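What follows is a short report on a single structure.
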Amino acid sequence: MSWTIQQLAALSGASPRALRFYEQKGLLSPKRRSNGYRQFDENDVTRLQRILFFRELDLSIAEIRRILDQTEAVQRQALISHMEYLQAEKERLENVLDTMRNELEGKSHMTAEERFEGFKNRKIAENEAAYGEEAREKYGEAAVEQANEAWRQMSQQDYEQMQKTEEELFAILAREAAGGDPHAEAGRQAAMLHRKWLEFSWDHYSPEAHAGLVHMYTADERFQAYYDACAEGAAVYLRDAVTAWTNQQKD
C-alpha cells in the first residue's frame, strides 16, 4: 500500500510542509512516481510515526536522524528509554499537581518535607524547560536523567550545603573577577568550590567534563549572565580557573 503526500498528511496529522521538511533533512526518503509525485510506503509511515514521537519529546532533528540511522534493535531500545522517561515525567508531574493542590488547600496543611519536594520538582521542570534539549544533545539522555534523579534524592540539608558552597564561590568571583589571576590560589579555591557544587547533582565527576562545562558558560549568554551577575568577567575568570586547575589534575 502507498500514500501520496496529501494522503499521508491526512493520515498522520503532519502537514505536507512538515513532510517535505523531514525529507529535506534526510529523515524520510519517499520514492517518486513516474509523474514525479512522492509515494510513501508502509516503511515510510512507520518511520514517520517514530519521527513524530521523538519530536513530541523535543528531540532535535540531528538526534532523531542519529537514532533512525541505527539498527531496528537500537531504535526499539531508544523507544523503550523514552517511554521510561515519559513514565518518570508523568510521576513527576503528578507530584507537582499534588503539591499545587496542597498549596490551594492551605499552606498550613503542608509539611516542610512536602514543600521541599514541591520546590525540587519545580526546579527540575525549570531546568528541563530552559536547558533540557541542549543538555541531552551534548551529554546524552542518561547523564541528564542522572542529574535529575540526584535532584529528586537531594535532602534539604544537602540543598542548603549546596547553596552555601555557591555563595562561597560567588564571594571569590566577586573579589577576583576584575583582575585576579585565575592561576593563583584564589582561582584554585574557586575551581574546587565549583567542583564541590557540581557534585551535588553529578553522578560521576571528571576533569574533562568539568572543563567542558565552564567553556560552555562563556559560549552561552544565559550562563555567562548568571555568573557575571555577581561581577563582570566572573564567567571568564571561572572558566580560566577551572581550566588551569583541571589541567593540573590530569597531569
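The single condition from (1) touching a residue at least 24 places away in the same chain (Cβ under 8 Å); (2) part of a loop (DSSP other than H, G, I, E, B) that R188 fails is (2).
Residues checked against (1) over 27 Å from G118 (Cα atoms); (2) of a type in the set (F, W, Y):
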site: Y139; (1), (2): no, yes
site: Q161; (1), (2): no, no
site: A171; (1), (2): yes, no
site: Y205; (1), (2): yes, yes
site: E232; (1), (2): yes, no
site: A244; (1), (2): yes, no
site: N247; (1), (2): yes, no
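In the set (1) touching a residue at least 60 places away in the same chain (Cβ under 8 Å); (2) more than 24 Å from T246 (Cα to Cα); (3) surrounded by fewer than 16 Cβ atoms within 10 Å (Cβ to Cβ), the condition left unmet by H183 is number (2). In segment 40-53 there is at least one residue that is modelled with pLDDT of 90 or more, in a loop (DSSP other than H, G, I, E, B), out of contact with any helix residue (DSSP H, G or I) (no Cβ under 7 Å at 6 or more places or on another chain) and not assigned by TED's automatic domain parsing to the domain that holds G140. Counting only helices (runs of 4 or more DSSP H) that sit completely within segment 54-161, those holding 1 or more residues that are closer than 25 Å to D220 by Cα correspond to 61-68, 112-139, 141-153.
Being touching a Phe, Trp or Tyr at 6+ places or on another chain (Cβ under 7 Å), within 22 Å of K138 (Cβ to Cβ), at pLDDT 90 or above and in a helix (DSSP H, G or I) is true for just one of L238, L173. Which residue is that? Of the residues listed, the single one that is touching a Phe, Trp or Tyr at 6+ places or on another chain (Cβ under 7 Å), within 22 Å of K138 (Cβ to Cβ), at pLDDT 90 or above and in a helix (DSSP H, G or I) is L238.
Could you tell me whether E114 is at pLDDT below 90 and either surrounded by fewer than 16 Cβ atoms within 10 Å (Cβ to Cβ) or of a type in the set (D, E) (or both)? Criteria met by E114. For segment 152-168, the set of residues classified as surrounded by 13 or more Cβ atoms within 10 Å (Cβ to Cβ) and under 24 Å from the mean Cα position of the chain (by Cα) consists of R152, M154, Q156, D158, Y159, Q161, M162, T165, E166, listed by residue number. Would you confirm whether or not segment 7-14 contains a residue that is loosely packed, with under 12 Cβ neighbours inside 10 Å and within 32 Å of the chain's Cα centre (by Cα)? Yes, segment 7-14 has at least one match.
Could you say whether any residue in segment 76-94 is surrounded by fewer than 12 Cβ atoms within 10 Å (Cβ to Cβ), closer than 20 Å to Q153 by Cα and among the polar types (S, T, N, Q)? Yes, there is a match, as at least one residue in segment 76-94 is surrounded by fewer than 12 Cβ atoms within 10 Å (Cβ to Cβ), closer than 20 Å to Q153 by Cα and among the polar types (S, T, N, Q). Considering A190, A178, the condition of being small (G, A, S) and surrounded by fewer than 15 Cβ atoms within 10 Å (Cβ to Cβ) is satisfied by A178 alone.
Here is a yes/no grid of residues against (1) among the small types (G, A, S); (2) modelled with pLDDT under 95:
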site	(1), (2)
A130	yes, yes
K138	no, yes
M154	no, yes
E166	no, yes
D181	no, no
M192	no, no
W197	no, yes
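The values are calculated or read from the model by the stated rules, or taken from the named source; none is laboratory data. As the structure is a prediction and not an experimental result, all values here were calculated from the model. Backbone-built Cβ (ideal geometry, glycine too); neighbour counts: all protein chains shown.
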